[in-house]
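Asks: Structure below; questions to follow.
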């Protein structure tokens with residue numbers, strides 16, 4: 001495309017450049033701040049925050065293929081943007097007790113680079129900023145497995161998932177029923 005074919009006026013081009021510079025600056029500043037952007041979801045009636053750093057997208061979970069003989073946290077397989085990904089029940093992954101009947105109508109697609117898996121949640125509520133310096137310890141009401149996957153709890157009582165721990169957790173691996181022994185760590 002030549003300059004003559006450029007659909008942007010000089011003023012629009014400058015506005016786009018200014019926005020790009022602003023985004024780049026805010027990205028650099030965010031690296032040094034204790035705040036973290038997170039996706040707020042509801043799981044079994046409980047709010048939960050998933051770090052935006054591992055979120056690759058969200059979608060309604062309309063169709064999925066259950067897998068026979070897998071662990072309870074494995075919901076099955078679903079299609080997302082032309083890929084087949086495993087879906088996991090976030091409630092079970094975090095060992096959150098069932099307090100309400102889950103709807104499980106939405107999926108949060110997560111990954112460390114490319115999309116790797118989906119987390120089935122009841123409701124997507126939006127995004128929040130979390131001050132990591134103000135996080136409280138994870139309460140005892142969470143099992144040891146759930147505590148290993150959480151950074152802490154906000155002053156409002158919202159648990160923040162540890163994105164790195166979640167993405168490296170054996171809970172997000174689908175093993176065939178014949179495999180036994182300890183899962184990969």
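Asks: Indicate, rounded to the nearest 5 percent, the antiparallel portion of the DSSP beta bridges found entirely in region 35-172.
Replies: Working: 35 of 39 bridges.
Looking only at bridges with both residues in region 35-172, the antiparallel portion is about 90 percent.
Asks: Please grab the % of Cα pairs in region 35-172 that end up more than 21 Å from each other.
Replies: Details: 3384 of 9453 pairs.
Beyond 21 Å sits 36 percent of the P(r) for region 35-172.
Asks: Please compute the length gained on full extension between residue 11 and residue 59, using 0.36 nm multiplied by the number of residues separating them and subtracting their Cα-Cα distance. Don't jump to the answer; show the numbers that get you there.
Replies: Working: separation 48, 0.36 × 48 = 17.28 nm, distance 3.61 nm.
So the chain would gain 13.7 nm between residue 11 and residue 59.
Asks: Label residue 164 and residue 116 with points 7 Å out from Cα along Cα→Cβ: what is the distance between them in nm?
Replies: 1.3
Asks: Once you place label points 7 Å from the Cα toward the Cβ at residue 174 and residue 133, how far apart are they in nm?
Replies: 4.3
Quick note: the coordinates plus some simple rules give every number you see, no bench work behind them. Keep in mind that this is a model prediction, so the values were computed, not measured. Because the Cβ atoms are built from the backbone with ideal geometry, glycine has one as well, and the counts that use them run over all protein chains shown.
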